[in-house]
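Here is the structure we will look at, set down as structure tokens.
The values are calculated or read from the model by the stated rules, or taken from the named source; none is laboratory data. All values reported here derive from a predicted model rather than from experimental measurement. Heads up, the Cβs are rebuilt from the backbone with ideal geometry, glycines too, and the neighbour counts pull from every protein chain shown.
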Amino acid sequence: IGRPSRLAAALGALVLVLTGCATGAAHSGGGTTLRLALNQSEDHPSFTALENFGERLGERTGGRWNIDVHPNSNLGSQLETLQLTSDGSVDLAIVSGTQLENLDRDFVVFNLPHVFDSIEHQMEVINDPGIVGDLYSSLEHRNLTVLGGFTQGARSVYSSRGPVTAPADLAGQKIRVQESEVHSDMLDMMGGSATPMSYGEVYTALQSGVLDGAENNEVSYVTQKHYEVAPHFSRTEHLIGLDYLVANTGRLARMPAADRAVFDAEWNATMREFTALWARATEDAIAELRSRGVRFHEVDAAAFREALAPLTERALDEAGASARTLYERARAAAR
Ligand code: GCU
């Protein structure tokens, strides 16, 4: 094509990008497509569950509402996409609890080690409006509504240097943590040297030796290919992490009530579906990792628990009275 038409095409594309950015959701054929930001790859179960969510939402609203899942941090890191969701240029984002801790200290409670005894306990707590109702609406002054979440399962330490069976093994090791003060403290207390970094940067940092290791679940370890550059996985299982689905509040408010009811019902079904997918994905990840020669190491769990013991009290003291109430309610729901 000649220069003028190429210019016209480029301008057209620019207008599309700009209008898309200004309003977040795209409108086509009478329907609205919500943009959802995800930092996982397409082979992570959250991508599958969210794609299914979008499909059912589209079917049940006759195409009035659809979801476009953008995986692989394509719309930015979680820190960035949370800001974009607040601005309204992205409609929905999956972000780790560690990101929300930076906006409201009460979220710190669910990022602590040993707060959840199991995934079942975690799901019960995060779906109990008597426990999380106020927490989920606490960011609405920033135009962010929390809708619930997906488990991250148990997180453990992995390293390029070798097994980590006790805190002393982490001495001098630079271990990536999420961008969270409490997780930095946690990793230091576990014996290592905490290095906060966004998820998408970890592989290269492990490969180049900027990091010696990181901490995550088996599913992220395999889907992000971190095992290639840090092949010793030590089952510290120091906490059960939590991802949240966060929406732009104004965008949700503009959804007609009947469609919003469908959205909520399908999202609740998605959370249940994810928990089932997660169990299978974890088993599959372990089998794949074993077949690729990854070494799994058992740890001195009591030694790590003891090292971490002062963290909860310290964090709750800093976070204040409402965080402590939240913690007590979450613990009371443990069986
Ligand atoms: C898990 C979690 C992500 C998080 C990541 C991380 O994969 O599901 O939401 O970003 O850990 O360690 O950053």
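Could you name every one of the helices (runs of 4 or more DSSP H) located completely within region 95-205 that has at least 3 residues being touching a Phe, Trp or Tyr at 6+ places or on another chain (Cβ under 8 Å) and surrounded by 21 or more Cβ atoms within 10 Å (Cβ to Cβ)?
Counting at least 3 such residues, we get 97-101, 119-126.
May I ask you to list the residues in region 72-94 that are within 25 Å of Thr48 (Cβ to Cβ), in contact with a strand residue (DSSP E or B) (Cβ under 9 Å, 6 or more places away or on another chain) and outside any helix (DSSP H, G or I)?
Residues satisfying the conditions are Ser73, Asn74, Leu75, Gly76, Val90, Asp91, Leu92, Ala93, Ile94.
I'd like to check which helices (runs of 4 or more DSSP H) are fully inside region 212-322 and have at least 2 residues that are over 20 Å from Glu181 (Cα atoms) and within 16 Å of the ligand (Cβ to nearest atom).
218-223, 257-291
Are any residues in region 25-64 modelled with pLDDT under 95 and in contact with a helix residue (DSSP H, G or I) (Cβ under 6 Å, 6 or more places away or on another chain), and if so, which ones?
The one that is modelled with pLDDT under 95 and in contact with a helix residue (DSSP H, G or I) (Cβ under 6 Å, 6 or more places away or on another chain): Ala26.
Is one or more of the residues making up region 159-173 within 13 Å of the ligand (Cβ to nearest atom) and in contact with a strand residue (DSSP E or B) (Cβ under 8 Å, 6 or more places away or on another chain)?
no
Scan region 52-70 residue by residue and report those that are within 16 Å of the ligand (Cβ to nearest atom) and either out of contact with any Asp or Glu (no Cβ under 8 Å at 6 or more places or on another chain) or within 20 Å of Gly153 (Cα to Cα) (or both).
The answer is His70, and nothing else.
Residue check, Glu101 against (1) among the acidic types (Asp, Glu); (2) more than 29 Å from Thr204 (Cβ to Cβ); (3) within 14 Å of the ligand (Cβ to nearest atom), all met but one. Which one?
Condition not satisfied by Glu101: (2).
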